[in-house]
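The values are calculated or read from the model by the stated rules, or taken from the named source; none is laboratory data. All values derive from a computational prediction rather than experimental measurement. Cβ atoms come from the backbone with ideal geometry, glycine included; neighbour counts cover every protein chain shown. Surface accessibility is based on the protein's heavy atoms, side chains included, excluding ligands, DNA and RNA. Shrake-Rupley method; radii C 1.70, N 1.55, O 1.52, S 1.80 Å.
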Amino acid sequence: MIVHQQRIDLHTLEAALPPGRVVADPVALITYEGDASLDKGHPDAVVFPHSTDEVVKIIQWAGQQGVPLVARGAGTGLSGGAVAEHGGIILQFSAMDRVLDLDAVGRSAVAQPGAVNLVLDGLVKAKGLYYPPDPSSGRTSTIGGNIGENAGGPHCFKYGVTSNYVTGLEIVLADGRTVRLGGRALDYPEYDLVALLVGSEGTLGVVTEASVRLVRNPPAVKTLMAAFDSVEAAGEAVSAVIANGLVPATLEMMDQRIMRIIEDFTHAGLPVESGAALIVEVDGYPQSTTPQIDEISAILLDHKAYNLRIAQTAEERDKIWYARKSAAGAMARLAPAYYLVDGTVPRSKLAQTLTAVNGICDDLELRVGYVFHAGDGNLHPLILIEDPADKELIKRVIEAGRRILELCVRHEGSITGEHGVGIEKRAFMPLMFTPTELAVLKEVKEVFDPANLLNPYKIFPEQAEYLGAPPNGRVAEAVATPPIDPLVTPATLNELVQTVQFCRAAGNPFQIRGGRATSGALPLASVTIATKSLRGISKLALEDLYVTAGAGTPLSELQAELVQHKMWAPLVSPWPEATLGGIVATNLNAPLRMRYGGVRDQILAAIVVLPDGRSIRAGRPVVKNVAGYDLPKLLVGAHGTLGVIADVTLKLTPLPRSCTSLVIPLRDLGQGLDLGLELLQTCLMASSLLLCRGVDIPGVAAPYALIYTAEGMAEDVTAELAQVRDIVQEKPGGGAILVDLAGSAVWATWLRDAAVTSLVARVGVAAKDLPRLLRDLNPTMNDASFVADLASGLLYTQGVAIAPMRREAHRLGGYAVVLSAPDPEHDALDIWGYQPAGLDLMRRLKARWDPDGLCNPGAFLV
């Protein structure tokens, strides 16, 4: 391993920046030797950039000097990710701490990396909005640090983690170039490099701006704390709550040991005589929170809960949460240090995992307490370190960490749920990844940072056997090359691997086909790999809310099985034959993504065969997993150009108990846009807010219509649609029709029918810009039919010329792509009409795994 050792001449750096930016005083540097982990390192200097331009100058200087760079937010990380282990420069972002823009209408914000999580959340809540990622360190941790570690927090069971909210990034690459990935529009035609950066621990690029999406702040919250005799009993109660189709905002658990420690510190009234306590929080409308809590209380009582305590005031709720988030501070009263492990397991494995962890710590004579996210299976054993100078004690603590993480991996979990790998857990990466999988992750790093200057030596084990791509990406000579049929239908992973390897050895371009036989043939492909035999559910884990199925499984077939269990994967396709692999590859999102998230938010894991013939498993069947890079999301929207998906693991969601739509007939476009923007501020339970023209809706004769669908708890749906009715009735001629038809179903039917004979396009802009786009385009659209997804900023058009739409979309920072066109017209069209700023990164990544361009050639803009 090459380690930076030369003495750094800082004079040229100081000359390139305004005075005071560079700090090299040895005493001042002591503050930056560590983060909140046990790891230490001495930086040569700390630099405080005030702008992206200054970050560029620093990185360019570092590249010329061969000096490593470590980005740092507030230093609250728990894995050594912000530690300058081998010297170099720390980029300290405390001076880049502004929220640059807050769009209350389109529900998005742009923040610098040094903006504090709690400050951003406070600003958006003042506008009636909510930024859900809420790590325990949120009072001080920064957006940049949260992005680096893909931070979660207690509310991620319902709302998800940081990667579910970051839509765009401005980054500075290791070569000093500034690149914008994604943006405030959704579903840009590009690889999801944003997903790679989120959770990458600063190893791929330096974030200087982040675009994030926001949701409406729930108007009511109720918090309940219940006592149980044991952790096992509390875990069974959690499973019962989920099995009843309830989705609380949080499900947090503490064991007796940690409660006693916290209670001495906070005096919050925790049930310290019980074996465990469960904190449950629900949110929604006031009409809904009390029934939710009542139902959950009954379930908990049925599972031997006692001493149920419902917070009656905001102060009482804050007291409960202050206790939960003070665990680390309370531990400091018992020992000067602690080791916090954050492995994750499927939630049904929590109780047995905790029992085993207790056995590990008892065997090694270590004291431990627990706070953990029971809803997502994220363990947080806090192992006390009474004497950090005791090498034998530290050795036992590290051994305990290793055993605990081995246990998590055996249970199909992750070595890190939200703290990251950093220095602390890099040696454990081979527990979770094969040498081939580690090599693939390393190749991603090399594409972005070939000189290994950005946070070097983090994530990857120092001594590991990497099985990378064969020379020039070729398969091994031992692979036989039988004749390749024009159509191959592998039924197993091994058959799929062999097929891809045979194509590689023979130099045969191949295309991938899912369920839509009408997708057409790629002109450069001589072999078609059909996934229709990679079909069926291989694992249905209802307690753990995930399903694993073959890539060739039709979505309709999957949903038919899930509905029998009152579950579903919240995805909709216009085509009944659409497969899971095809949906992932094309990233076509229905309007319900405003309620549940898009395809990228539903995928947890995948097995994929890369174009060079290597098969890898990416991700794990847990919501929280920040070990390595998020490769499953990279497959979303890649149109099969990065490999052939063999199977996918998707999140499951309980079926909504109620789903109802209001249709509002309208006379003109302006009326629809004005009313639509007003209704957008109401959306909490909404799964669609569509403005349609020329769409066949039963009972509607007007040229335009708004469709507002709400789904979830019946009380929430009733309350929200009552608000919608009140707003509509105040308008001239206002009236709404109640229909038993979801907006996503209307979208799917229209898109399927429109695609048969007409050019159909999707235009994406920031949600706040969609009304402006429609007004500008309307004079040239000749009353053409369209569906506008107001919440997502997406416009779907039928029979409208693509060129003028592209001009307007590009002017607004968006895009316009062709979804379908009659065959003769299709061949002459530029389908994408867009050049991502990160196109060179996309091409380098594609070339790394497919140097000859054999995999799905011509399917995407790479």
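Taking a threshold of 29 Å on the Cα-Cα distance, which of the pairs Lys442/Lys768; Lys158/Lys458; Lys40/Lys846; Lys319/Lys651; Lys125/Lys158; Lys125/Lys425 fall above it? List each step's numbers first, then the result.
Details: Lys442/Lys768 39 Å; Lys158/Lys458 31 Å; Lys40/Lys846 37 Å; Lys319/Lys651 32 Å; Lys125/Lys158 18 Å; Lys125/Lys425 36 Å.
Flagged as over cut-off: Lys442/Lys768; Lys158/Lys458; Lys40/Lys846; Lys319/Lys651; Lys125/Lys425.
Note on the chain: with charges restricted to the Cβ of Lys and Arg (+1) and Asp and Glu (-1), its dipole about the Cα centre is near 780 debye.
Using Cα pairs under 8 angstrom and six or more residues apart, how large is the relative contact order of the chain, in percent? Don't skip to the end; give the middle numbers.
On the way: 1959 pairs, mean separation 99.2, N = 862.
Over the chain, the number comes to 12 percent.
Hey, got the dipole for region 645-723? About the Cα centre, +1 on K and R Cβ, -1 on D and E Cβ, debye to the nearest 20?
Here region 645-723 has a charge dipole of around 120 debye.
For Thr167, the residues whose modelled amide H falls within less than 5 Å of its own, excluding neighbours fewer than 5 places apart on the same chain, are Ser211, Val212, Arg213.
Tell me, how many Å apart are the Cα centres for region 1-72 and for region 793-862? That distance is 40 Å. When the P(r) is computed for region 594-669, the part past 17 Å accounts for 56% of the Cα-Cα pairs. Distance between the C-alpha centers of region 638-706 and region 214-248? Whole Å please. Comparing the Cα centres of region 638-706 and region 214-248, I get a distance of 29 Å.
Which is the longest run of the chain containing none of the trypsin sites (Lys or Arg not before Pro) found in DSSP loop states (not H, G, I, E, B) with at most 11 other C-beta atoms within 10 Å?
Numbers: sites that count: Arg7, Arg333.
Answer from the scan: 334-862.
Its relative contact order, with pairs defined as Cα atoms under 8 Å and 6+ residues apart, puts region 76-193 at 16 percent. With the convex hull drawn around the C-alpha atoms of region 317-362, the volume per residue stands at 111 Å³.
Atom-type composition of the exposed protein surface of region 281-374 places 51 percent of the accessible area on carbon and sulfur (1.4 angstrom probe). Take the Cβ atoms of Gln352 and Glu392, set R0 to 25 Å, and the FRET efficiency comes out at 0.25. Could you tell me which residue out of Pro591, Cys855, Gly77 lies farthest along the dipole of the chain toward its positive end? Charges go on the beta carbon: Lys and Arg +1, Asp and Glu -1, centred on the Cα centre. Ranked along the dipole, the leading option is Cys855.
Computing mean projected area of the Cα convex hull in nm² for the structure here picks out one of (i) 40.8; (ii) 34.8; (iii) 64.9, namely (ii).
Candidate cross-link partners of Lys532 among the aspartates and glutamates, defined by an alpha-carbon separation under 17 Å and a same-chain spacing of 8 or more, comprise Asp485, Glu495, Glu557, Glu577, Asp647.
In region 776-862, one over the average inverse separation of all distinct C-alpha pairs is 15.1 Å, which is the Kirkwood hydrodynamic radius. Per residue, the accessible area of the chain comes to 36 Å² when a 1.4 Å probe rolls over the protein heavy atoms.
With Rh defined as the Kirkwood radius, the inverse of the mean 1/r over Cα pairs, the Rg/Rh of region 631-700 is 1.13. Using every Cα-Cα pair within region 774-815, state what percent have a distance larger than 12 Å. Every Cα pair in region 774-815 considered, those over 12 Å come to 62 percent.
Surface composition of region 643-795: carbon and sulfur atoms hold 50% of the protein heavy-atom accessible area at a 1.4 Å probe.
Hey, what number do you get for the chain at 222 nm if only DSSP H runs of n ≥ 4 count, each worth -39500 (n - 2.57), divided across all residues, to the nearest 500?
Rounded to the nearest 500, the figure is -9500 deg cm²/dmol.
Basic side chains Lys and Arg get +1 at the Cβ, acidic Asp and Glu get -1 at the Cβ, and with that the dipole of region 331-407 about its Cα centre reaches some 200 debye.
With the simple spin-label model, which puts each label point 7 Å out from Cα in the Cβ direction, the Ala714 to Glu295 separation comes to 0.9 nm.
Counting protein heavy atoms only, region 156-203 has 47 percent of its accessible area on carbon and sulfur, 1.4 angstrom probe.
In the chain, once you exclude exposed GluC sites (Glu not before Pro) (DSSP loop, at most 13 other Cβ within 10 angstrom), what's the longest stretch remaining? Mind dumping the intermediate values first?
Details: sites that count: Glu273, Glu365, Glu386, Glu462, Glu465, Glu477, Glu730.
The longest uninterrupted stretch comes out as 1-272.
At 37 °C and 0.692 mPa s, what whole-number value in µm²/s does Stokes-Einstein give for the translational diffusion of region 551-680, with Rh from the Kirkwood sum over Cα pairs? Once the numbers are plugged in, D ends up at 198 µm²/s.
How many percent of the alpha carbon pairs in region 390-467 exceed a separation of 15 Å?
Values: 1843 of 3003 pairs.
Counting pairs separated by more than 15 Å, the tail of P(r) holds 61 percent.
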